[in-house]
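A.B. asks: Would you mind keeping the following structure in view while I ask a few things?
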Amino acid sequence: MYAISTDQRQYLTYILQDTAQNAMVEVVPERGGIITRWQIAGQDILYMDWERFADPDLSIRGGIPILFPICGNLPDNAYDCEGQTYRLKQHGFARNLPWMVTAQQTESDASLSLQLTSNEHTLMVYPFEFALDFTYRLQGNGLILHQRYTNRSQAAMPFSIGFHPYFPVTDKPQLQFQIPATEYQDQITKTNHAFSGTFDFEVAEIDVAFAHLSSHVASVTDPQRSHRLTFSFSPEFSTLVFWTVKGKDFYCLEPWSAPRNALNTGDRLLHLEPGASLETEFKLMLETVA
């Protein structure tokens, strides 16, 4: 049985439930359309720093933030378009703006649809009119994030898309990774390295990008929590980023459509013609392991 309810906390929170499977997802539309919590059998699958979340002046560390129209940062937060320089902060603005709920249903799953459209503030930093329509679907041990990007401008629209999910972990070295790539680029040193399936968690920060993927499925097994998370994502997501900080009980495995600075370099940058739409999907599936 599926159900959707709301709870007025600091922000109005939508609660999606699959009661038969004891699964639950919480979404906060006005705080960047973010999924803040995903639980199965009472276990939190996502990490959330609730103190940072409570402060609207701070970026969120936790849940599943949305990345648009860029992933990562730009040099000096700047890019050029049609001879003019614009400024965009890291990961873009979609994760900071209020989204509008457009639909919800509880028949075949518990699903909530949200929309973000361009406005006078976004046009000052990104001169394109757009509509983003996302639907979050909860069914059993699976969470599906379906996206539709629409260009409402009179010119072709360049952009990148991505997600920045956070997952809790107390013993990082025991994590087991299945990532469809044999090498990565260290985003801090800008050096390339062969990937053997492990990371050095003694360093202060790990920030690496896998840019040559052989498939669009990855997984992380956490033996301590007795579960495996499988990530499936549309071909438009060309890059996987792994990020964590020493001393923090989280890791992030992030599907991006393009690397950092794509608005300037054009590297794997997506383009939509006027009036065109693009639909993509990101799916997370949890399974128990011995």
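A.B. asks: Report the gain in length on full extension from Gln139 to Arg268: 0.36 nm times residue separation, minus Cα-Cα distance, nm rounded to one decimal.
C.D. replies: Roughly 43.2 nm would be gained on extension.
A.B. asks: Another question about this same structure. Can you list the HN-Hα couplings for segment 232-241, worked out from phi with the Karplus curve (6.51, -1.76, 1.60; θ = phi - 60°), rounded to whole Hz and with x for Gly and Pro?
C.D. replies: 10, 8, 5, x, 4, 7, 8, 9, 10, 10
A.B. asks: Okay, moving on. Determine which lysines satisfy two conditions relative to Lys246: a Cα distance under 23 Å, and not lying fewer than 8 residues away in the same chain.
C.D. replies: Result set, ordered by chain and number: Lys172, Lys190.
A.B. asks: Can I ask one more? Considering all projection directions equally, how large on average is the shadow of the alpha-carbon convex hull of the chain, in square nanometres?
C.D. replies: Quarter of the Cα hull surface area: 15.1 nm².
A.B. asks: Oh, and also: Which residue, chosen from Asn264, Cys252, Phe233, occupies the Cα position most advanced towards the positive end of the dipole of segment 233-277, where the dipole is computed from +1 (Lys, Arg) and -1 (Asp, Glu) charges on Cβ about the Cα centre?
C.D. replies: Cys252
A.B. asks: Just to confirm a number: summing +1 for Lys and Arg and -1 for Asp and Glu over residues other than Gln178 whose beta-carbon lies under 15 angstrom from that of Gln178, what do you get?
C.D. replies: That works out to -1.
A.B. asks: Sticking with this one: Kindly provide the helix-only [θ] at 222 nm of the chain, computed as the sum of -39,500 (n - 2.57) over DSSP H runs of four or more divided by all residues, to the nearest 500 deg cm²/dmol?
C.D. replies: -1000 deg cm²/dmol
A.B. asks: Then there's this: Once you charge only the Cβ atoms, +1 for Lys and Arg and -1 for Asp and Glu, what is the size of the charge dipole of segment 236-290 about its Cα centre, to the nearest 20 debye?
C.D. replies: For this selection, approximately 340 debye.
A.B. asks: Given +1 on the Cβ of Lys and Arg, -1 on the Cβ of Asp and Glu, and no further charges, what dipole in debye does segment 170-218 carry about its Cα centre, rounded to the nearest 20?
C.D. replies: Using Cβ point charges on Lys, Arg, Asp and Glu, segment 170-218 gives about 180 debye.
A.B. asks: Averaging sequence separations of C-alpha pairs under 8 Å and six or more residues apart, then dividing by the length of segment 65-199, give the relative contact order as a whole percent.
C.D. replies: Relative contact order of segment 65-199: 20 percent.
A.B. asks: From largest to smallest, what semi-axes in whole angstrom does segment 8-138 give when each is the square root of 5 times an eigenvalue of its alpha carbon gyration tensor?
C.D. replies: 30, 17, 12
A.B. asks: Based on the Cα atoms of segment 70-215, what semi-axes does the equivalent ellipsoid have, where each is the square root of 5 times one gyration tensor eigenvalue, given in whole Å with the largest first?
C.D. replies: Values for segment 70-215, descending: 31, 25, 13 Å.
A.B. asks: Leaving ligands, DNA and RNA out of it, report the carbon-plus-sulfur percent of the accessible area of segment 143-239 at a 1.4 Å probe.
C.D. replies: With neighbouring chains kept in place, the figure for segment 143-239 is 48 percent.
A.B. asks: Averaged per residue, what accessible surface does segment 28-129 expose to a 1.4 Å probe, in Å²?
C.D. replies: Accessible area per residue: 46 Å².
A.B. asks: Quick one: 3J(HN,Hα) in Hz for segment 163-179, Karplus 6.51/-1.76/1.60 with θ = phi - 60°, rounded, Gly and Pro as x.
C.D. replies: Going residue by residue, I get 10, 10, x, 10, 10, x, 7, 10, 9, 5, x, 8, 5, 10, 10, 10, 10 Hz, with x marking Gly and Pro.
A.B. asks: Which aspartates and glutamates, if any, have their Cα less than 12 Å from the Cα of Lys89, not counting same-chain residues under 8 positions apart?
C.D. replies: Asp76
A.B. asks: Using the Cα centre of segment 126-248 as origin and beta-carbon charges of +1 (Lys, Arg) and -1 (Asp, Glu), tell me which of Tyr166, His193, Leu143 is placed farthest towards the positive end of the dipole.
C.D. replies: Positive-most Cα among the choices belongs to Leu143.
A.B. asks: Right, here's the next one. Roughly how many percent of the accessible protein surface of segment 1-136 is carbon and sulfur, given a 1.4 Å probe and a whole-percent answer?
C.D. replies: 45 percent
A.B. asks: Right, another one. Provide the per-residue ³J(HN,Hα) series for segment 191-207, in order, calculated from phi with Karplus coefficients 6.51, -1.76, 1.60 and θ = phi - 60°, each as a whole number of Hz, with x at glycine and proline positions.
C.D. replies: Going residue by residue, I get 10, 9, 9, 5, 10, 9, x, 9, 10, 8, 7, 7, 6, 5, 8, 10, 9 Hz, with x marking Gly and Pro.
A.B. asks: Still on this structure, I have one more. Tell me, what is the percent relative contact order of segment 26-113, built from C-alpha pairs under 8 Å that lie six or more residues apart?
C.D. replies: So the answer I get is 28 percent.
A.B. asks: In square nanometres, what is one fourth of the surface area of the convex hull spanned by the alpha carbons of segment 147-290?
C.D. replies: 9.2 nm²
A.B. asks: Another one. Keeping all protein chains in place and using 1.4 angstrom, which order do Met157, Met285, Met48, Met100 fall into by accessible surface area, from largest down?
C.D. replies: The ranking, largest first, comes out as Met100, Met285, Met48, Met157.
The values are calculated or read from the model by the stated rules, or taken from the named source; none is laboratory data. All of these numbers come straight from a predicted model, not from anything done at the bench. Because the Cβ atoms are built from the backbone with ideal geometry, glycine has one as well, and the counts that use them run over all protein chains shown. In case anyone asks, the SASA skips ligands and DNA or RNA and just uses the protein heavy atoms, side chains included. Shrake-Rupley method; radii C 1.70, N 1.55, O 1.52, S 1.80 Å.
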